[in-house]
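Participant: Questions regarding the structure given below will be posed in turn.
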Amino acid sequence: MYKKMFRKKNRAVLIPVIALCLAAAPAALTAGPFSLNVIDTPTTFISYRGDLQFDFSMYDNGGILGSASLSVSDYIFLGLYFDVGKLIGSEDVQFYQPGVLARFLVSDGSGAIPPIAIGYGYFMRGDVHRVAGQTVNGLYVVASQSYFLFGNEQYFFFGFRYPVIPLSFSHPKNTNFFISTILELSPEFSVKGEIENIYFTENRGAEIFYNLGVELNVVDLVTLGLDLKYSPSINRIVRILRIGYTTQF
């Protein structure tokens, strides 16, 4: 049965926000090992109705991408995200246009079709992924397949994304594909990997990103993650630190 599990400029602002989230946690709820996103690429995971997830990602050059998503049913979640560059550090803060998040589970895998979801959201975090100074947003379709390894049920994801924003980038030639997987090694620890930004057009192999991540459930409801991203187009490793928190609305 398919599991629908979800999974110094301003540090003084971030810490109270996280503390406020933790203070609101109901004792009976546990987070589970899976996030709504695998590193950056979408998954087919949808949490249960009323589940509320907060996610704070600290990316290169002191930027923070924060999001909040609410499962309005067992098959749909809606959310918002904000993206602020150079929030941590002494440089001038850069505010980017906020956006929306949405995912609809078309099939939960209980029949002949594998789990499939369609949605809308940002493509990747960080300054190196902006186009014309904007975070790329668009539509996606993702499917998943479970398999067993290390004594646990693991998940493999594959799909494609079509950019909508910025409008100058919204073109069929910029449709990209991705594959990813989650390896749950224990209830508290999982390893995640993906290949994204795969274009089936000529001379774009250097734009592919290879990502590796780890995620740790430090306490119930709270997860910590570290993602390492590399692409020949930038020839360096981008580090992203993630803090996730889940509660019941």
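Participant: For region 121-229, state which trypsin sites (Lys or Arg not before Pro) are in a DSSP loop and have at most 16 other beta carbons lying within 10 Å of their beta carbon.
Facilitator: 130, 204
Participant: Right, here's the next one. Starting from region 101-203, pick out the chymotrypsin sites (Phe, Trp or Tyr not before Pro) whose DSSP state is loop and whose Cβ has at most 11 other Cβ atoms within 10 Å.
Facilitator: Values: sites: 104, 120, 122, 123, 140, 147, 148, 150, 155, 156, 157, 158, 160, 169, 177, 178, 189, 199, 200; in loops: 123, 150, 199, 200.
Answer in residue order: 150, 200.
Participant: Using the Kirkwood radius over C-alpha pairs as Rh, can you work out the diffusion coefficient of region 73-115 via Stokes-Einstein at 10 °C, viscosity 1.306 mPa s, in µm² per second? Numbers along the way, then the final one.
Facilitator: Details: Rh = 13.5 Å.
This corresponds to a translational diffusion coefficient of 118 µm²/s.
Participant: State whether region 11-248 is rounded, prolate or oblate according to the following rule on the C-alpha gyration tensor (a ≥ b ≥ c being the square roots of its eigenvalues): a/c under 1.5 gives rounded; otherwise a/b larger than b/c gives prolate, and the remaining case gives oblate.
Facilitator: In terms of gyration-tensor shape, rounded.
Participant: Taking neighbour Cβ counts within 10 Å as the exposure measure, how do 58, 124 sort from fewest upward?
Facilitator: Lowest count first: 58, 124.
Participant: Counting other beta carbons within 10 Å of each Cβ, put 202, 91 in order, fewest first.
Facilitator: Lowest to highest Cβ neighbour count: 202, 91.
Participant: Which whole-number percent gives the relative contact order of region 11-248, counting Cα pairs below 8 Å spaced six or more residues apart?
Facilitator: On the way: 600 pairs, mean separation 43.4, N = 238.
Rounded, it is 18 percent for region 11-248.
Participant: Can you tell me the FRET efficiency between residue 94 and residue 233 if r is taken as the Cβ-Cβ distance and R0 is 35 Å, rounded to the nearest 0.05?
Facilitator: Calculated value: 0.95.
Participant: Give me the distance between the Cα centres of region 177-249 and region 61-110, rounded to whole Å.
Facilitator: Each part reduced to its Cα centre gives a spacing of 15 Å.
Participant: Related question: Please state the charge dipole magnitude for region 11-248, taken about the Cα centre, from unit charges on C-beta atoms (+1 on K and R, -1 on D and E), reported in debye and rounded to the nearest 20.
Facilitator: 400 debye
Participant: Sequence gap at least 6, Cα distance under 8 Å: using those rules, report the relative contact order of region 153-200 to the nearest whole percent.
Facilitator: Result for region 153-200 is 36 percent.
Rule-based calculations on the coordinates, nothing more; no lab input. Since the model is a prediction, treat every value here as computed from it, not as a measurement. Note: ideal-geometry Cβ built from the backbone for every residue, glycine included; neighbour counts use all protein chains shown.
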